[in-house]
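Notes follow once the structure below has been shown.
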Amino acid sequence: MKKILLFCVALLVLFNLNAQKEKTLDKKVASVQLKSMNGKTFNTSELGFDGPVVISFWATWCSPCKRELNTIHDLYPDWQDETGVELVAVSIDDEKTKNSVPMYVNGKGWDYLVLMDPNGDFKRSMGVNNVPHTFLLDSDGKIVYSHNNYAPGDEDKLYEEILKLTAK
């Protein structure tokens, strides 16, 4: 009986996760004011890039986040040349840890736009519960792909999705 109950609970959790993922797809990006590391204000719904946009939520204390963004960093120049994709890394570091963001980003030489979300307003509006969480937006700002967590090879799946967008 216990096994059946555990199986039912697992199914409900999986169903809920899938339903949550489906709710974010085909929606537009929320409009939230965030600042870059140098203090410039950006409205998240008006990033205004020509090609597809990847938004990656991360934190300095999150090892999988840093692995994902460092891996993409190595591939990013080729991705940009081939597809015009832009990446926006959104740090969810809070007031205690946000000062370590510029040191980490500059030390890694990331060419991404890095925005700060210390209060978690954008994170909440996008339904992000844990990081890393990556979204792919089309040129209209609609979410067409969403993935959270990171395992080596996830960047290949993301790139396949970017290619699908640019092939249209």
Could you list, in sequence order, all residues of the stretch 87-123 that are acidic (Asp, Glu) and either surrounded by fewer than 18 Cβ atoms within 10 Å (Cβ to Cβ) or not in a loop (DSSP other than H, G, I, E, B) (or both)?
Asp94, Glu95, Asp111, Asp121
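So that you can scan it fast, the table gives a plain yes or no per residue for (1) among the polar types (S, T, N, Q); (2) at pLDDT 95 or above:
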site	(1), (2)
Lys66	no, yes
Thr71	yes, yes
Gln80	yes, no
Ile92	no, yes
Asp117	no, yes
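Considering only residues that are assigned to a loop (DSSP other than H, G, I, E, B) and in contact (Cβ under 8 Å) with a residue 12 or more places away in the chain, which ones fall in the stretch 152-168? I'd like the intermediate steps shown before the answer.
Step one: filter the stretch 152-168 for residues assigned to a loop (DSSP other than H, G, I, E, B), giving 152-153, 168.
If the condition is that a residue be assigned to a loop (DSSP other than H, G, I, E, B) and in contact (Cβ under 8 Å) with a residue 12 or more places away in the chain, then Pro152 is the only one that fits.
Which of the residues belonging to the stretch 35-59 are closer than 18 Å to Asp121 by Cα and of a type in the set (S, T, N, Q)?
Pass one, the stretch 35-59, residues closer than 18 Å to Asp121 by Cα: 35-37, 39-47, 55-59.
The answer is Ser36, Thr41, Asn43, Thr44, Ser45, Ser56.
Among the residues of the stretch 124-142, write down those that are surrounded by 20 or more Cβ atoms within 10 Å (Cβ to Cβ) and not in a loop (DSSP other than H, G, I, E, B). First the steps, then the outcome.
Narrowing the stretch 124-142 to residues surrounded by 20 or more Cβ atoms within 10 Å (Cβ to Cβ): 126, 128, 131-137.
Residues satisfying the conditions are His133, Thr134, Phe135, Leu136, Leu137.
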Every residue in the stretch 112-149 that is within 16 Å of Val54 (Cβ to Cβ) and hydroxyl-bearing (Ser, Thr, Tyr), please.
Tyr112, Thr134, Ser139, Tyr145, Ser146
Filtered residues of the stretch 49-65 (kept if assigned to a helix (DSSP H, G or I) and in contact (Cβ under 8 Å) with a residue 40 or more places away in the chain):
Pro64, Cys65
Using the structure shown, decide if Lys96 is in contact with a strand residue (DSSP E or B) (Cβ under 8 Å, 6 or more places away or on another chain) and over 13 Å from Leu69 (Cα atoms).
no
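The values are calculated or read from the model by the stated rules, or taken from the named source; none is laboratory data. It should be emphasised that the depicted structure is a prediction, and the values quoted were computed from it without experimental measurement. With ideal geometry, Cβ positions are generated from the backbone for all residues, glycine too; neighbour counts draw on all protein chains shown.
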